[in-house]
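Contents: one structure, followed by commentary.
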Amino acid sequence: MEVWVYNQYSDDRETEKVPDEEVLIGRDDSCDVTLRSPFVSRKHARIFFDGGSYFIESLGQNGLTVTNKALPPHQQRKIDYGDEVRIGEFSLYMMQPSQRRIAAAERATSPRKRVIDLEQRMHAGLLDRLNLRVTGSLGDADEQLVTLIKRHLADIIDEHLDDVDTDMRKYLVKEYLWRSVVTELARRATGKLMYSYGFENTDVVNTTYEEAISRIIGNIIGYFPLQLRPHTLKDDIAKIEADWMNQLGRIAPGITPKLRDYIVRRLLSKEIEDVVLGYGPLQDLLEMPNVNEIMVVGKDRIYIEKDGVLQNTGRSFFTDQIVESIIERIITPIGRRIDRSQPLVDARLPDGSRVNAVINPLSLSGPTITIRKFARIPFTIDDLIERQTITEQVAAFLRACVIGRKNIMISGGTGSGKTTTLNVLSNFIPDEERIVTIEDSAELQLHQEHLARLETRPANIEGRGAYTIRDLVKNALRMRPDRLIVGEVRGPEALDMLQAMNTGHDGSLSTIHANTPDDTMLRLETMVLMAVEMPIKAIREQIVAALDLVVQITRLPGGERRVTHVSEVIGLDPDTDRILTEDVYVLRHREAGSDEIGHMRHTGYIPAFADQLIDDGMLEIGAFT
């Protein structure tokens, strides 16, 4: 048989003739298929024939994916001819020997890739009819232009419908139904249509077929015992996703050829209109409630974080130029720019999702986009307790500290949940207090009425007009805030933040990147030194006087997020002058042989301000027992 090898980076394609019974794949020259890459193990995988079927076994520690599903080390999975196996930057396809090289190459291309190639041809035809070079030239399309786009697109799809082969139709139907299931789950759980097909051609919609699709979707959802609550939505989606292939087999008899062709037209129309008027292949990922983060590296690699795990979606943009046009579409409405003189930008989407984009010459892998999605349904303290991010006892203590106007710094690594925790704690602030929030990209979701939100601004094309977090912190002090909330301190603004905490703005909150409470103190010292030269002891005294608590949150290897320390800042060590912190609560590691991650435990230390909180009625007597 043959193994077709495609290098995603270099676009090189090779065919390897290999034994029919067993094929060894890896970096070593002794392998039947040798892949030259540091991301490939010496002996990475083997394909073998057993009991009338082919199986692939993962041998190396670097892992691999089969049809976009991860195969852990030392595990096996059945594969068929034409299935895509991803190892490092390589896509491999096990193929039967072919008399015609071209026919074999076509079969080696996955249905998803063939759909993308077809959509690219249709998109090029659409631009040609509109006399445009790139999608970004459309800008804000008016209603008349949108109508023209829809009409041309309907004609183009009619012209290319015969190019959609059987496997491509199966892929499109499966994809459309899955997205429709997630849409309906979100609607039932939240009462809101969190995901819609946005720009689709309404001329394509057929009421009879839509009703048939609705019955199929209802049939699938009704098959499972689901909770259908806003904060169980991800669990409900995961439950159906785990049995998705069985569900497709169960509903297949109800999908007639005409209904199948209708679904194919619907999805082709939607995906091309997304490229022309929306965010391309990112459009529905932005709406999927079980996707937390989206990462684009060049046109061919779109990754997502789902349930704490990174995975390649297998989706692609048509060209790097379209990726750049999507970046422009994101940043232009908020007055940001990106070009070769300023090839890096931070921005946000209309829903508050945080966006970072980098282009050439800084990015050597093509234009990159990283999107931290904004939670459509804000988390509450009950949600954090339910997810075991925090215990009920610790939650009650932190609530008392916020209401009791203690200055709190939330510390953690990237993606650990700092902003979510800050948002949850901020909502404990009483409604009658005036709050000023300061962020690089506005994403906090506070329900209080007396709220002023400030957002930084980069310099304009002339290098003027920039407003940093430090500028906004200084200005916020003139706005008579009762509470000051800084989304993240990472530079000289730390000095202004500490001074605000020391001058009557008790109860302020912020986040910082650090791995432990002690690291938080060292990071703050360094940041203050970036703003002013002063004795280190004076800086430490300022920190001790300003801060009351550090809440440390960590993202564990399995993707779970846990508060690991709640520590009081208690003073300076008389011998070393270093800042001392004392753990009030700490995450105890699991016992050997236990499946539990661990639980927060009170250390026995009672913070100095506990009596005040108890006297004011904010904390119950015996709260630490």
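At-a-glance table
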read-out: Those residues of the range 481-516 which are of a type in the set (Val, Ile, Thr) and either under 17 Å from residue 435 (Cα atoms) or modelled with pLDDT of 90 or more (or both), in sequence order; value: 485, 486, 503, 511, 512, 516
read-out: Test result for residue 274, within 30 Å of residue 145 (Cβ to Cβ), in a helix (DSSP H, G or I) and in contact (Cβ under 8 Å) with a residue 12 or more places away in the chain; value: yes
read-out: Residue count for the range 428-447, restricted to those that are at pLDDT below 85 and among the polar types (S, T, N, Q); value: 2
read-out: Count of residues meeting criterion [open to solvent by 20 Å² or more (accessible area, probe 1.4 Å), without any contact (Cβ under 8 Å) to a residue 40 or more places away in the chain, more than 30 Å from residue 391 (Cα to Cα) and out of contact with any strand residue (DSSP E or B) (no Cβ under 6 Å at 6 or more places or on another chain)] in the range 533-571; value: 5
read-out: Members of the range 443-459 found to be free of Cβ contacts under 8 Å to residues at least 60 places away in the same chain and either closer than 17 Å to residue 472 by Cβ or not in a loop (DSSP other than H, G, I, E, B) (or both), listed by number; value: 444, 446, 451, 452, 453, 454, 455, 456, 459
read-out: Identity of the residue in the range 298-309, out of contact with any Pro (no Cβ under 9 Å at 6 or more places or on another chain) and under 20 Å from residue 366 (Cα atoms), that ends up least open to solvent (accessible area, probe 1.4 Å); value: 304
read-out: Hits in the range 497-523 - residues which are farther than 17 Å from residue 552 by Cα, open to solvent by less than 10 Å² (accessible area, probe 1.4 Å) and in a helix (DSSP H, G or I); value: 497, 498, 500, 501
read-out: Test result for residue 6, open to solvent by less than 40 Å² (accessible area, probe 1.4 Å) and farther than 12 Å from residue 92 by Cα; value: no
read-out: Which listed residue is at pLDDT 90 or above, within 21 Å of residue 292 (Cβ to Cβ), among the β-branched types (Val, Ile, Thr) and open to solvent by less than 70 Å² (accessible area, probe 1.4 Å), from 173, 181; value: 181
read-out: Neighbours by Cβ (under 7 Å, 6+ apart or cross-chain): first from the range 67-84, in a loop (DSSP other than H, G, I, E, B); second open to solvent by 90 Å² or more (accessible area, probe 1.4 Å); value: 73/61; 81/96; 82/107
read-out: Test for residue 361: is it open to solvent by 50 Å² or more (accessible area, probe 1.4 Å) and out of contact with any Gly (no Cβ under 9 Å at 6 or more places or on another chain); value: yes
read-out: Residues being under 22 Å from the mean Cα position of the chain (by Cα) and open to solvent by less than 30 Å² (accessible area, probe 1.4 Å) - total across the range 391-418; value: 8
read-out: Number of positions in the range 277-295 that are part of a loop (DSSP other than H, G, I, E, B) and either open to solvent by less than 20 Å² (accessible area, probe 1.4 Å) or closer than 17 Å to residue 237 by Cα (or both); value: 6
read-out: Of all residues making up the range 9-20, the number that are open to solvent by 90 Å² or more (accessible area, probe 1.4 Å) and either among the basic types (Lys, Arg) or more than 32 Å from the chain's Cα centre (by Cα) (or both); value: 3
read-out: Within the range 1-21, tally of residues that are assigned to a strand (DSSP E or B) and in contact with an Asp or Glu (Cβ under 8 Å, 6 or more places away or on another chain); value: 9
read-out: Residues of the range 419-442 that turn out to be farther than 15 Å from residue 481 by Cα, open to solvent by 30 Å² or more (accessible area, probe 1.4 Å) and either acidic (Asp, Glu) or in a loop (DSSP other than H, G, I, E, B) (or both), as a count; value: 3
read-out: Residue list for the range 189-220, restricted to those being modelled with pLDDT under 90, among the hydrophobic types (A, V, I, L, M, F, W, C) and surrounded by 13 or more Cβ atoms within 10 Å (Cβ to Cβ); value: 189, 194, 199, 204, 205
read-out: Residue among 284, 235 that is under 19 Å from residue 185 (Cβ atoms) and either among the aromatic types (Phe, Trp, Tyr) or in contact with a helix residue (DSSP H, G or I) (Cβ under 7 Å, 6 or more places away or on another chain) (or both); value: 284
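Condition check ((1) in a loop (DSSP other than H, G, I, E, B); (2) open to solvent by 20 Å² or more (accessible area, probe 1.4 Å); (3) touching a helix residue (DSSP H, G or I) at 6+ places or on another chain (Cβ under 9 Å); (4) modelled with pLDDT of 90 or more) across all residues:
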{"residue": "345", "(1), (2), (3), (4)": "no, no, yes, no"}
{"residue": "350", "(1), (2), (3), (4)": "yes, yes, yes, no"}
{"residue": "357", "(1), (2), (3), (4)": "no, no, yes, yes"}
{"residue": "365", "(1), (2), (3), (4)": "yes, yes, no, no"}
{"residue": "369", "(1), (2), (3), (4)": "no, no, yes, yes"}
{"residue": "375", "(1), (2), (3), (4)": "yes, yes, yes, no"}
{"residue": "385", "(1), (2), (3), (4)": "no, yes, yes, no"}
{"residue": "388", "(1), (2), (3), (4)": "yes, yes, no, no"}
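The values are calculated or read from the model by the stated rules, or taken from the named source; none is laboratory data. Remember, it's a predicted structure, so these values are computed and weren't measured experimentally. Every residue, glycine as well, gets a Cβ built from its backbone with ideal geometry; the counts of neighbours run over all protein chains shown. For the accessible areas, the whole protein counts, side chains as well, though only heavy atoms, and no ligand, DNA or RNA atoms are used. Shrake-Rupley method; radii C 1.70, N 1.55, O 1.52, S 1.80 Å.
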